[in-house]
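Coordinate-derived values only; no laboratory data. Small disclaimer: the values here were computed from a predicted structure and weren't measured. All Cβ positions, even for glycine, are placed from backbone atoms using ideal geometry, and neighbour counts span all protein chains on display.
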Amino acid sequence: MKNSVVNLLHNGRIGLAPMEGVIDATTRDLLTRLPGFDWAVTEFTRVVDACLPSRVFYKHCPELNGTRVATPSGVPVSLQLLGSDPAALAANARQALRLGATQLDLNFGCPAKTVNRHDGGASLLRDPERVHAVVNAVHGAVSDKIPVTAKIRLGFADRRLALECALAAESGGASQLVVHGRTREEGYRPPAHWEWVGRIRQRLTIPVVCNGDIWTLEDYWKARTLSGCQDVMLGRGALADPWLAMRIRHWQATGERLADTSWQSRATLLAEFAALQRSTLRDRVVTSLVKQWLGQMRLHHAESARRFHSLKRLTDLDALLDGLSAPDPNPVALDRQHEPA
């Protein structure tokens, strides 16, 4: 029975999700060095009403400078656009194509209030016709030279238009649809409704990718089972455990579980992340970025939570790095600090 489960899941792809201000090119590089990810998507490039200069695209997707648009380890990278003006998005799609983009992704999922207030991201999910217009314009602009994909949520305030928006993206020319299993109003509050992703998958002919709340191997199995999707996308789960994609692949190949990711492995990765970021950013910015990633790790890892709470007020990068590598001086005391009242 174990072998049949492994064979059933073997072909599923795993994508690295975009996270604005969190998963940049450096983070993509580090997360894709381990085996597991099949593709990655950039942070969104915000399009308003003009064709952006090339430097904006290179900033969001420095992989465009390479011989192929991929991370250093060879994982393909899709350039994501966010906006609501079909003509402006089409113009920027043509610009991205000229610069060498090999795949475009359209963001209809961002729940940020600032983005939604300016008519971007999930705000378009209130009108399926607008979703269709955007996808159709971008698809027409690149003339099937490169694929256009899209990401949505299960609606804005509720799920009533979820299927219509998905169908609108497909009819507009999307070749793949990532569905985050929550509405914009639900934000990131658990649970993700994987069964609703499955309702969409059943009605579409293009691949549907399940996204949201996949933190563990068990979550991966449940998400695929309830959604029926072959492919998944990891975002916060990949930051919380950077070895999650590799953990899934190992289980698929062998039926065995890898040991939990050690604190030492996590600390080493954070130190390497800091060193890479330090080459181009100020120390205070790097300090904030390291603490931000550690903050994601703490959600599902006790030692990371202890380290985060003991180091979160540090403002000196070297002191922070020393704290990451030092032995935990008093884990019991730190645990007690965070016991519920």
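Taking Cα centre as origin and charging only the Cβ of basic (Lys, Arg, +1) and acidic (Asp, Glu, -1) residues, the dipole magnitude of the chain rounds to 160 debye. Overall shape: prolate for the chain, with the ratio a/c of the largest to smallest alpha carbon gyration tensor axis at 1.5 or above and a/b above b/c.
Near Arg130: Cβ cut-off under 13 Å, other residues only, Lys/Arg at +1 and Asp/Glu at -1. The net charge is -4.
Taking a sphere under 15 Å around the Cβ of Pro190 and counting the other residues whose Cβ falls inside, with K and R at +1 and D and E at -1, yields a net charge of -1. For the chain, modelled as a GNM whose springs connect Cα atoms under 10 angstrom apart, the maximal fluctuation among Val22, Val286, Val56 occurs at Val56. Using only Cα atoms, tell me the angle between helix 302-311 and the longest principal axis of the chain; keep it within 0 to 90° and round to the nearest 10. Between the helix axis and the principal axis of the chain, the angle is about 80 degrees.
Relative to the longest principal axis of the Cα atoms of the chain, the long axis of helix 128-142 lies at roughly 90 degrees. The length gained by stretching the chain between Glu218 and Ala326 to full extension, at 0.36 nm per residue less their Cα-Cα distance, is 35.7 nm. I want to verify a result. In a Gaussian network model of the chain, Cα cutoff 10 Å, which of these has the top mean-square fluctuation: Ser262, Ser279, Ser227? Fluctuation is largest for Ser279.
Once both axes come from the Cα atoms, what is the angle between helix 86-98 and the longest principal axis of the chain, in degrees from 0 to 90, rounded to 10? Helix 86-98 sits roughly 70 degrees off the main axis of the chain.
Among the trypsin sites (Lys or Arg not before Pro) within the stretch 132-230, those in coil by DSSP and having at most 12 neighbouring Cβ atoms inside 10 Å are Lys145, Arg160. Would you mind classifying the stretch 213-332 by shape? Square roots of the alpha carbon gyration tensor eigenvalues, ordered a ≥ b ≥ c; an a/c under 1.5 is rounded, otherwise it is prolate if a/b is larger than b/c and oblate if not. Here the stretch 213-332 falls in the prolate category.
Applying both filters, DSSP loop and at most 11 other Cβ atoms within 10 Å, to the GluC sites (Glu not before Pro) of the stretch 223-330 gives Glu256. Taking a Cβ cut-off of under 14 Å around Glu164, the surrounding Lys, Arg, Asp and Glu residues balance to a net charge of +3, with basic ones at +1 and acidic ones at -1. Ranked by how many other Cβ atoms sit within 10 Å of their own Cβ, fewest first, the residues Tyr220, Tyr188 fall in the order Tyr188, Tyr220.
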